[in-house]
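Accompanying notes for the structure given below.
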Amino acid sequence: MTTEMNLKVTNSVNFYSGNNPRELVEKFSSPLYVYNENIFRTKCREMKNLCSYPNFHVNYAIKANTNLTLLSIAKEEGLFADISSVGEIYAATSAGFMPNEMLFIVNNVTLAELKHAIDLDITVSVDSLSQLESYGKINEGGKVCLRFNPGIGGGHHPKVITGGDDTKFGIMPEYIIEVKKLLARYNLKLVGINHHIGSQNWGDLYLEGAKGLLNVAREFEDLEFIDFGGGFAIPYNKQNDEKPLDLKMLGSSLDKIMYDYVKEVGKEIKFFIEPGRYISAECGVLLGTVTTTKTCGAANYNGTDMGFSVFARPTLYDSHHDIEIYRIENKEIDFSNIKITNIVGNQCESGDYIAKERKMPELIEGDILGILDAGAYGYSMSSNYNHRPRPAEILIRHDGSIKLIRKRDTFKDMISNMLSI
């Protein structure tokens with residue numbers, strides 16, 4: 001890692017907008033999630049303008065980042081909401097999304113959850129024959145969407161592949177006859193179909209999946225919308241110049257697929273995408289503090305206050321995140337002395353790490369580390385494991401001002417719902 005590599009990512013996008021990350025930690029404590037409003041809005045607009053097809057819509061994955069301020073911005077930018085739980089329905093509603101701007105894509109939910117969405121007139125997408133029958137029993141004569149699995153899956157880790165033969169998601173096309181029987185039995189109107197092949201997809205496989213979903217669509221008349229899913233990739237290895245997703249290629253290819261299908265069926269319908277992490281990942285940096293340095297055998301460790309209760313992705317998915325170092329100004333970083341080290345957290349677990357065997361200059365206690373591209377599946381996957389408070393979240397506004405958008409947990413918060421005997 002050279003001096004230029006250390007800050008080149010955040011500097012290239014003016015991430016901190018004149019703010020000093022060390023001063024942010026001093027004010028709001030460590031660890032700390034920092035989001036950049038300009039970057040978030042830019043990503044919303046990139047997706048909104050991806051295609052020229054007039055009935056093209058973008059569903060923001062609330063599970064990626066649930067902060068109400070960011071949800072409200074997504075709503076302002078004209079995005080709809082990709083919902084996966086009743087809690088996310090509540091969050092979306094709180095942020096201003098209307099029922100007709102939400103798609104509730106369920107997986108093994110209870111009847112009570114289905115009924116909750118039905119009562120609010122939110123379109124529900126079910127992903128199994130048994131759940132379709134359950135839905136029909138409580139909403140006979142209603143409208144429904146179906147999640148199919150055309151057999152195509154992809155992603156950066158087995159745990160994020162959501163299509164193909166080895167996944168719990170979706171209805172396989174060979175069950176279309178049974179689907180039609182259930183729709184008829186409960187007089188359900190199929191208004192849409194959707195699928196999702198997985199996360200971190202770069203385009204080619206996504207387009208193949210879209211064509212596969214259209215093969216399923218041809219089995220049903222009177223569809224009002226088709227949802228191609230998403231999981232668009234972002235370059236997590238920017239310090240080594242990993243290239244971003246080719247939006248021009250993806251958009252023009254999707255346009256052709258949509259226009260060709262509309263010409264074939266002779267009517268315009270709505271098309272949706274779910275970009276997932278693409279919108280929120282790059283707007284977020286997690287700041288944390290180096291607390292210890294040690295060597296065990298041949299391995300070097302740098303301990304931090306960022307355990308997997310703060311940031312779970314590396315532990316869950318072996319995910320790579322670039323790291324920047326922010327040191328006290330009067331202490332220089334020796335970039336000529338690169339070592340192999342492990343950046344680990346403060347949880348009582350061997351799997352608690354941020355980076356394994358990473359090439360880094362020697363770190364010292366008190367260094368602030370910036371974990372890049374942490375805006376998606378960062379805070380939303382955090383927990384109070386080891387009874388540790390979840391961090392605060394702040395937003396760097398378009399003018400460089402700072403807004404606290406979620407307070408840090410207190411110990412009182414963490415026991416507030418507990419009852420003594």
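The values are calculated or read from the model by the stated rules, or taken from the named source; none is laboratory data. Note that the coordinates shown come from a computational prediction; the quantities given were computed from them, not determined experimentally. Every residue, glycine among them, receives a Cβ derived from its backbone with ideal geometry; neighbour counts consider all protein chains shown.
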Unmet criterion (only one of (1) surrounded by fewer than 17 Cβ atoms within 10 Å (Cβ to Cβ); (2) farther than 17 Å from residue 47 by Cα; (3) of a type in the set (Lys, Arg)) for residue 248: (2)
Failed criterion for residue 143 (all others in (1) modelled with pLDDT of 95 or more; (2) surrounded by 16 or more Cβ atoms within 10 Å (Cβ to Cβ); (3) among the basic types (Lys, Arg) hold): (2)
Cβ pairs under 6 Å, 6+ apart, first in segment 72-86 and buried (at least 20 other Cβ atoms within 10 Å of the Cβ), second polar (S, T, N, Q) and modelled with pLDDT of 95 or more: 80/59; 82/59
Close pairs (8 angstrom Cβ cut-off, 6 or more residues apart or separate chains): closer than 18 Å to residue 175 by Cβ in segment 215-236, aromatic (Phe, Trp, Tyr) and not in a strand (DSSP E or B) anywhere: 217/261
Single residue of segment 343-368 satisfying the filter (surrounded by 15 or more Cβ atoms within 10 Å (Cβ to Cβ) and polar (S, T, N, Q)) that is nearest to residue 289 (Cα to Cα): 346
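On the given criteria, is residue 290 outside any loop (DSSP other than H, G, I, E, B), within 16 Å of residue 380 (Cβ to Cβ) and either at pLDDT 95 or above or among the hydroxyl-bearing types (Ser, Thr, Tyr) (or both)?
no
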Test: residue in segment 51-59 that is out of contact with any Leu (no Cβ under 8 Å at 6 or more places or on another chain) and more than 25 Å from residue 230 (Cα to Cα): no
Residue in segment 368-388 that is basic (Lys, Arg), out of contact with any Pro (no Cβ under 9 Å at 6 or more places or on another chain) and within 29 Å of residue 275 (Cβ to Cβ) present: no
Residue in segment 409-417 that is among the charged types (D, E, K, R), in a loop (DSSP other than H, G, I, E, B) and closer than 21 Å to residue 73 by Cα present: no
Segment 321-342: number of residues that are touching a helix residue (DSSP H, G or I) at 6+ places or on another chain (Cβ under 9 Å) and buried (at least 17 other Cβ atoms within 10 Å of the Cβ): 8
Wholly enclosed helices (runs of 4 or more DSSP H) of segment 1-109 bearing at least 3 residues of a type outside the set (D, E, K, R) and under 15 Å from the mean Cα position of the chain (by Cα): 37-48, 68-76
Considering residues of segment 288-304 that are free of Cβ contacts under 8 Å to residues at least 40 places away in the same chain and among the small types (Gly, Ala, Ser) only, the residue farthest from residue 337 (Cα to Cα): 297
Only one of 204, 241 that is on the phi > 0 side of the Ramachandran plot, free of Cβ contacts under 8 Å to residues at least 12 places away in the same chain, of a type in the set (Asp, Glu) and in the same structural domain as residue 64 (by TED's automatic domain parsing): 241
Unmet criterion (only one of (1) surrounded by fewer than 17 Cβ atoms within 10 Å (Cβ to Cβ); (2) within 20 Å of residue 17 (Cα to Cα)) for residue 371: (1)
